[in-house]
Amino acid sequence: MTGWLANQTRNIVKAFQGEERNELNDDHIALAEAHREWQAAREFFEQATDPDLVDYAILSLKAAEKRYVYLWKKIRARKG
C-alpha cells in the first residue's frame with residue numbers, strides 16, 4: 001500500500017509541475033483526497049466513545065471508504 005501511495009503522490013506532483021491537467025490527473029487528485037478523508041474517518045472512529053458519535057463515525061467511515069473505492073475503480077477502468 002505504501003508503494004502505491006507513493007506512486008499516487010508522484011502522479012499528483014507531476015500534475016502540478018507543468019503537466020497539462022486533464023481528467024485523469026483530476027481523478028488522481030480526488031483519489032488522494034479521498035484516501036486522506038478515509039484515514040481521518042478511521043482515526044475518528046478509533047477515538048469515538050459516545051454512542052451517538054460512534055454511529056456517526058461508522059457512517060462517515062463507510063462513506064469515505066465507498067468514495068475511495070469508487071474513484072479507485074474509475075481510474076483502474078480507464079487504465080485497463
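Here, each number is a calculation from the coordinates, and none is a lab measurement. Predicted model, so just to flag it, every value in this text is computed and none were measured. Don't worry about glycine lacking a Cβ; one is built from the backbone with ideal geometry, like all the others, and counts go over all protein chains shown.
Just a few scattered comments:
- For ALA48, the conditions (1) touching a helix residue (DSSP H, G or I) at 6+ places or on another chain (Cβ under 6 Å); (2) closer than 18 Å to TRP4 by Cβ are fulfilled apart from (2).
- Once the stretch 26-73 is narrowed to residues that are of a type in the set (Phe, Trp, Tyr) and under 12 Å from the mean Cα position of the chain (by Cα), the residue that is surrounded by the most Cβ atoms within 10 Å (Cβ to Cβ) is TYR68.
- Hey, ARG76 exposed (fewer than 12 other Cβ atoms within 10 Å of the Cβ), of a type in the set (D, E, K, R) and part of a helix (DSSP H, G or I) or not: yes
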